[in-house]
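For reference, the structure is listed below as structure tokens.
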Amino acid sequence: MPVMARTPVATLVPPLTPADAQAVGAFAHRVRDTLGNQLVGMRLFGSKARGDADQDSDIDVLVVVAPRFSVKELQRVVVDLAFDVNLAHDVYISPRVVGEDALTDPVQLRGSFLGLALREGIRL
């Protein structure tokens, strides 16, 4: 997967609520700053990306990391970042971290959240 171009959070279609957009922007910024070259890209997916979210919907974010780094370790880091943003913005960002190599694995792409996230996801 090539480096993902970013979409300005304020212009996401379907649009996020202002509070959600601010939280997603803060989360994306913290992930980029913390992971640096370990980060390949991020995508908003799920009901917020499809535009059928309700007031109780979480904010699903796929975080793709370079395969040479430990996904398990980076998952812990990313979840901690989401926790801080969730508290600060009163939202629930639910990050999923995968290695870039998973994007070419047909078993992981078929019948899993990953295939859905790539099809419906909005680049951050």
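The values are calculated or read from the model by the stated rules, or taken from the named source; none is laboratory data. Owing to the predicted nature of the structure, the values given are computational and were not obtained by experimental measurement. Here Cβ is always computed from backbone atoms with ideal geometry, including for glycine, and neighbour counts include all displayed protein chains.
Odds and ends about this structure:
- One residue stands out in the stretch 31-48 among those that are within 12 Å of the chain's Cα centre (by Cα) and not hydrophobic (A, V, I, L, M, F, W, C): the one that is farthest from LEU103 (Cα to Cα), namely LYS48.
- Against the test of being closer than 19 Å to LEU116 by Cβ and charged (D, E, K, R), the options ARG32, ARG43, ARG68, ARG76 yield a single qualifying residue, ARG43.
- Where strands (runs of 3 or more DSSP E) fall wholly inside the stretch 5-122, the ranges with 1 or more residues that are in contact (Cβ under 8 Å) with a residue 40 or more places away in the chain and among the acidic types (Asp, Glu) are 59-65.
- The stretch 12-54, residues that are touching an Asp or Glu at 6+ places or on another chain (Cβ under 9 Å) and of a type in the set (Lys, Arg): ARG30, ARG43, LYS48, ARG50
- Test: ARG76 is at pLDDT below 90 and not small (Gly, Ala, Ser): no
- Test for LEU44: is it touching a strand residue (DSSP E or B) at 6+ places or on another chain (Cβ under 7 Å) and either at pLDDT 95 or above or crowded, with 18+ Cβ neighbours inside 10 Å (or both): yes
- Residues that are in contact with a Ser or Thr (Cβ under 8 Å, 6 or more places away or on another chain) and buried (at least 16 other Cβ atoms within 10 Å of the Cβ), drawn from the stretch 92-124: ILE122, LEU124
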